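What follows is a short report on a single structure.
The values are calculated or read from the model by the stated rules, or taken from the named source; none is laboratory data. Note that the structure is predicted; figures quoted are calculated from it, not measured. Cβ sites come from the backbone with ideal geometry, for glycine too, and all protein chains shown count toward neighbours.
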Amino acid sequence: MSDKKLMVGGQAVIEGVMMRGPKLTATAVRDPQGCIQVETKPVNSISDRFPILKKPFLRGTVSLIESLVIGMKSLSYSAKMAGEEDEQLSDKEMAGTIVFALVLASILFIAIPTGAAKLIHGATEDPVVLNLLEGVLRLVIFLIYIWGISRLKDIRRVFQYHGAEHKTIFCYEAGLPLTVENVQKFPRLHPRCGTNFLLIVMLVSIFVFAFLGWPSLWERILSRILLLPVVAGISYEIIRLAGRSKNSFIQTAIRPGLWLQYLTTRPPEDDMVEVAIESLKAVLPEEEILEGTPDYIHKESSEAVVEESVPTAAAVTE
């Protein structure tokens, strides 16, 4: 990736794509009438107020928490624009949803693996072996979970938008005009994908937790939760390095994460790519919007929200 290019990340949402740049986030959604609705918001990162949080191994935890909050808000907006909800979630409802998701993840990926590993406690007393087994069980549960949700029809469509997000970012990083034809030429597997990050988290946690001994069940669960920021910080630095480095060893090491993206992404349709393009262009500064891209008036506002409606050819003919 060119050093002049912004570091852009994204997320698939319901009938759309959220893109996040250094200054703006944008969620583009195709509504039931065929128009692309775009909501942009300024990025207000806590690390801008406390620069120490931008340091390596701290920025990963901050990024993970902020990405979770932004992602939930984008999902709520996309559900409303796609006609699946009448209203967006309030801040209180959003906080409750996030807490519920974290509790569910803790049960699924922490409590169940460490509890199951205890079942063979009689076979070995070696705490390192037990912790390693717990890590393997956690990884297996994660892979089964990904495989299971990838079989759901509605999720498969979201995964198509995930593929559109990756292809669009690849096209931007290559310096080509953001057109559907150009975007579709690129692969849908991206080294900075959240799927890669989650897999790296699973693998890093195996090594971090391996030497914690084997105390009581509740002590094990608590220690895993408390050390999650450490695991996230290490994993974030690995994924950043993987996204920038062409080193053959690093590229080989992240290959399993790329393979896993065959489950979490699907080849997108052209109209999905159109949505991803509009989302990306909404977070780019004017000079970054290259000639040859579809017409789009990008507005960067000091207000909290800016909304645009971009009609498509399909919408015009209806």
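Take the conditions surrounded by 16 or more Cβ atoms within 10 Å (Cβ to Cβ) and farther than 16 Å from SER279 by Cβ and apply them to ARG30. Does it pass? No; evaluated as a whole, the condition is false for this residue. Within segment 263-279, the set of residues being part of a helix (DSSP H, G or I) and of a type in the set (Ser, Thr, Tyr) comprises THR264, SER279. Across segment 14-35, the qualifying residues are those that are in contact with a Gly (Cβ under 8 Å, 6 or more places away or on another chain) and part of a strand (DSSP E or B), and the one among them that is farthest from LYS54 (Cα to Cα) is ARG30. Scanning segment 205-221 for any residue that is within 26 Å of LYS246 (Cα to Cα), surrounded by 19 or more Cβ atoms within 10 Å (Cβ to Cβ) and in contact (Cβ under 8 Å) with a residue 12 or more places away in the chain turns up at least one such residue. One residue stands out among those in segment 136-180 that are within 19 Å of ARG266 (Cβ to Cβ) and among the acidic types (Asp, Glu): the one that is modelled with the highest pLDDT, which is GLU165.
Highlighted here are the helices (runs of 4 or more DSSP H) found entirely within segment 81-194 that include at least 1 residues which are buried (at least 21 other Cβ atoms within 10 Å of the Cβ): 112-117, 127-150, 153-173, 180-184.
Taking each residue of segment 94-116 that is under 28 Å from ALA79 (Cβ atoms) and at pLDDT 90 or above and looking for partners that are in a helix (DSSP H, G or I) and among the β-branched types (Val, Ile, Thr) with beta-carbon atoms closer than 9 Å, six or more apart or interchain, yields SER106/ILE221; SER106/ILE225; LEU108/ILE141; PHE109/ILE141. For the residues SER63, SER47, the requirement of being in contact with a Phe, Trp or Tyr (Cβ under 9 Å, 6 or more places away or on another chain), of a type in the set (Ser, Thr, Tyr) and within 23 Å of ILE225 (Cα to Cα) singles out SER63.
Entry remark, segment 197-225: residues being more than 18 Å from GLY115 (Cβ to Cβ) and within 24 Å of the chain's Cα centre (by Cα) number 9 in total.
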